[in-house]
Amino acid sequence: MNRPIVLDWDTRHFGFRVARAEWSGDPCELNGLLDCARVGEITLLYLFSPPDKEFPEPAGQHCVSFYPSQRVDFEKRPLSSVVLHKLDQFKIVELTWDNCDREKVHQLGVIAGKYSRFIRDPLIPAGKGEELFRIWAEESVKRKLADAAFGLIAPSRELAGFVTLKRELVVARIGLLALSGEYRGCGLGKRLIQAAEHWAYSSGYNAIRVATQGENEEACSFYLRQGFGEIARKKIYHVWLESPGEVSNR
């Protein structure tokens, strides 16, 4: 039987029990998953389902709330001919925790998560979603959650944007990609994609992947313009079996 899997890191971060489960769309299967989650005293269940499956109203009546979002995966072959040219004195550098503007890295992490379910779900405790992305950005630059990180440096020497990458079995995956607001819309995001492609190709990968939110139309359009193609789409529900406020007041 498919059962929810408790997520230790998320549980520690949010301060209540969090789990994830895969749901095929079968209402009977969903009832079983929700029953198991309640027995396990799960407060928040991440429910991954096919993109065309809607959370049934009867099940929703037995939950505090549920928040829907979509994850879209894109992929492309990294170009062997990518050359990292200078553009208006902007340059790409490899980021480390010793050579970066640490506060800017944290800010860019939050920007990268702007459309994330962790920031947009109104029941996520205040500040915890942003903190998650600050931790993700820091741990990526420290090479704990990523294998490479590159920064885009402006002529003023400010960190204008960054991209992080992780080695997977058969692909290189972009983890975080963000530009500060004043540098958006200037073609600079392409420079970060070029840096990611260059690293992926040099590391021997034949494919580079990235995931973003289906609600983030700007990001989806950007990746398509950079030659990525959509390869997968999933719906993700945050199913709240208890109010996080009730848990904290125990």
Portion, in percent, of the accessible area of the chain that falls on carbon or sulfur, probe 1.4 Å: 49 percent
Close Lys-Lys pairs in the chain, where close means Cα under 15 Å and separation is 8 or more or interchain: 9
Please report the Cα spread of region 129-250 along all three principal axes, rounded to whole Å, starting with the longest. 51, 37, 29
Which residue, LEU44, LEU108, LEU34, has the most motion in a Gaussian network model of the chain that connects Cα atoms within less than 10 Å? LEU34
Quick shape summary for the chain, equivalent ellipsoid via Cα gyration tensor, semi-axes whole Å in descending order, reads 36, 20, 15
Helix 102-112: inclination vs the chain longest Cα principal axis, degrees, rounded to 10, gives 60 degrees
Convert each backbone phi in region 195-210 into a coupling constant with the Karplus relation 6.51 cos²θ - 1.76 cosθ + 1.60 (shift: θ = phi - 60°), then list the ³J(HN,Hα) values in order as whole Hz, x for Gly and Pro. 5, 5, 4, 4, 5, 4, 5, 5, 8, x, 8, 9, 8, 10, 10, 8
For region 57-68, Karplus couplings with θ = phi - 60° (6.51, -1.76, 1.60), whole Hz, Gly/Pro x: 4, x, 5, x, 5, 9, 10, 5, 5, 9, 10, x
Quarter of the Cα convex hull surface for region 1-134, i.e. its orientation-mean projected area (nm²): 12.2 nm²
Skipping prolines and chain starts, which residues have an amide H placed within reach, meaning under 5 Å, of the one on ALA148, given they are 5 or more residues away or on another chain? LEU165
Put GLU103, GLU57, GLU22 in order of accessible area, largest first, probe 1.4 Å, and you get GLU57, GLU103, GLU22
Please report the relative contact order for the chain, taking Cα pairs under 8 Å with a sequence separation of at least 6, and give it as a percent rounded to a whole number. 30 percent
Crossing angle, helix 128-141 versus the chain [Cα axis fit, 0-90 degrees, rounded to tens]: 40 degrees
In sequence order, what are the phi-derived ³J(HN,Hα) couplings for region 12-24 according to the Karplus relation 6.51 cos²θ - 1.76 cosθ + 1.60 with θ = phi - 60°, rounded to whole Hz, with x for glycine and proline? 5, 5, 8, x, 8, 6, 10, 9, 10, 7, 9, 10, 6
At 222 nm, what helix-only mean residue ellipticity would the chain give, in deg cm²/dmol to the nearest 500, using -39500 (n - 2.57) for each DSSP H run of four or more? -9500 deg cm²/dmol
Using the heavy atoms of the protein chains and a 1.4 angstrom probe, tell me the accessible area per residue for the chain in square angstrom. 51 Å²
Measure nothing fancy, just the Cα-based angle from helix 27-39's long axis to the longest principal axis of the chain, in degrees from 0 to 90, nearest 10. 90 degrees
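The values are calculated or read from the model by the stated rules, or taken from the named source; none is laboratory data. For clarity, every value in this text was computed on a predicted model and none was experimentally measured. The area values use the complete protein model at the heavy-atom level, side chains included, leaving out ligands, DNA and RNA. Shrake-Rupley method; radii C 1.70, N 1.55, O 1.52, S 1.80 Å.
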